[in-house]
1. Put a dot 7 Å past each Cα toward the Cβ at residue 115 and residue 169; how far apart are the dots in nm?
2. Tally the DSSP beta bridges in region 103-293 and give the antiparallel ones as a percent, rounded to 5.
3. Using Cα-Cα distances under 8 Å and only pairs 6 or more residues apart, what relative contact order does region 103-293 have, in percent?
4. What is region 103-293 by shape, rounded, prolate or oblate, if you read a ≥ b ≥ c off the alpha carbon gyration tensor as root eigenvalues and call it rounded for a/c under 1.5, prolate for a/b larger than b/c, and oblate otherwise?
5. Write down the Å³ per residue value for the convex hull defined by the alpha carbon atoms of region 204-297.
6. Percent of alpha carbon pairs in region 100-197 separated by more than 16 Å?
7. Determine the gain in length on full extension of the stretch residue 70-residue 186; use 0.36 nm per residue of separation and subtract their C-alpha separation, reporting nm with one decimal.
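Taken together, the values in this text are just the output of simple stated rules run on the coordinates, not laboratory data. Just so it is clear, the structure is predicted and the values come from calculations on it, not from any experiment. So basically every Cβ, Gly included, is an ideal-geometry build from the backbone, and we count neighbours across all protein chains shown.
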Amino acid sequence: MFRKRVSLICCGAFFLVTWNAILVLLLLGRGPSGQPSEVQVDVAEMPTVDLVGDVIRIADAFESELKKQKDILNQILRHRPLWEPVNRTRPKVVTPRRPVIPILVIACNRVTVRRCVDKLLQLRPTADLHPIIVSQDCGHDETAEVIRSYGDKVTHLRQPDLSDVPVQFEHKKFQGYYKISRHYHWALNQVFRNLSYSSVVVVEDDLEVAPDFFEYFQALLPVLKSDPSLWCVSAWNDNGRDGYVDPGRADLLYRTDFFPGLGWMLLRELWEELEPKWPASFWDDWMRQPEQRRGRA
């Protein structure tokens, strides 16, 4: 379109110059005062070629052509928005969309879940990137009321199966551990299969997150996706105390072969690997077994 504009401008200039030349030729036959020249030419002595007639015919032809060009230019003007030159060689700049990382809060019968959720809502940078999902077991009404009080700020899931888990007699005292494992299995299935997220950070209802919690997981999600020697990322370190970590190195990360089980992020691909063999109880101890970890940090 830009090249066509240049061609039309050149054609217009050509016609303008030609038209001026014609006018000059016509004026040659007139005196200085603008009146016809006193030089009389006998019609019989005029040349065979009628110069003036030819000039007039040429002028008429140019006038007709200029009218056509005017019509063309008017059509082009109606498409003026398309005239802006486009640099097709310049690469299109696309701002990458930051990944969505939901936060899954495992809750049961503690009304103090409010402290955990309040901190998450206070610190999260945006609701779009970090939806908060509270999955509640136990059927505790007071806790459910606390979760409902947040309205659409959180997604409230309720474990439908509150029955006792069939266990061997000697394991009856561990019934709670069986229910916790069942709840984790159900809640993670909700996140990855029903809600179709590709990653999630799991926290429990008594965990209070740090100010850099969300920034930490946003920064490490690409690392987790790209490094096959990792199988999850945790913001909890059992040895995270004075004398064991360098407080002046906020950029320093530690690799460990011990699964901490608190404040951890996993990918859907890992859940698809673990879900078919998920244990009936003591899920965090099961995660630490070499058969599950498979040499990954």
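1. My value for the distance between the label points is 4.1 nm.
2. Expressed as a percentage, antiparallel bridges in region 103-293 total about 30.
3. After rounding, I find 25 percent.
4. oblate
5. Numbers: hull volume 11.6 nm³, N = 94.
About 124 Å³ per residue, rounded to a whole number.
6. Beyond 16 Å sits 58 percent of the P(r) for region 100-197.
7. Values: separation 116, 0.36 × 116 = 41.76 nm, distance 7.34 nm.
Additional length available on full extension: 34.4 nm.
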